[in-house]
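Here the structure is laid out as structure tokens; the discussion comes afterwards.
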Amino acid sequence: MRDMDNKSSSENVNTKISRYRKKESMSLYVLGIHISFWLLFEVWFMTEIEDKVRKAVGKVEDPETGQTFEEMQMIQSVKETEPGTVTVEFVPTSPFCPIAFKLAADIRDAAKTVPGVKKAVVFCRGHAMEQQINEMTNKA
């Protein structure tokens with residue numbers, strides 16, 4: 001019976017996800033702040049390990065500014081792709097950020113400190129050398 005509940009629950013979540021993806025462009029302006037419904041939906045259904053990883057990588061500091069990744073809103077997504085494996089996407093402060101390789105490694109290392117995480121895959125987005133950064137960071 002429990003498997004049936006989990007199956008219908010996951011189907012329900014998948015149905016909701018596909019419905020929200022179709023409406024990705026929907027947004028809300030509250031007191032001049034843009035809020036994406038998709039982002040709210042993603043955070044609402046975040047697993048416990050995803051939440052812990054998001055908090056851990058959010059504490060990583062950008063050495064150039066002294067601000068955390070959370071403060072700078074550099075973390076795009078955190079997903080548990082399979083048990084013990086998380087994928088983190090981030091956007092550096094500029095497409096030519098000279099320390100993007102270091103930032104990616106710092107994110108990977110922070111994610112691995114979370115109990116239950118055996119492997120952390122990090123993807124840099126929006127950088128001129130994102131392919132090289134991603135290959136180097138995720139080399140086995």
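See the values below:
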| quantity | calculated |
| --- | --- |
| Failed condition for Thr87, given (1) surrounded by fewer than 16 Cβ atoms within 10 Å (Cβ to Cβ); (2) of a type in the set (Ser, Thr, Tyr); (3) in a strand (DSSP E or B) | (1) |
| Residues of region 106-123 satisfying the condition of being crowded, with 16+ Cβ neighbours inside 10 Å and within 14 Å of Ala56 (Cβ to Cβ) | Asp106, Ile107, Arg108, Ala110, Ala111, Val114, Val117, Ala120, Val122 |
| Criterion: more than 25 Å from Glu135 (Cβ to Cβ), at pLDDT 90 or above and in the same structural domain as Gln132 (by TED's automatic domain parsing) - qualifying residue of Glu71, Glu89, Glu82 | Glu71 |
| Residue list for region 101-140, filter: aliphatic (A, V, I, L, M), without any contact (Cβ under 8 Å) to a residue 60 or more places away in the chain and part of a loop (DSSP other than H, G, I, E, B) | Ala128, Met129, Ala140 |
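The values are calculated or read from the model by the stated rules, or taken from the named source; none is laboratory data. Here the structure is a predicted model, which means the values were calculated and not measured. Glycine also receives a Cβ, built like all others from the backbone with ideal geometry; neighbour counts cover every protein chain displayed.
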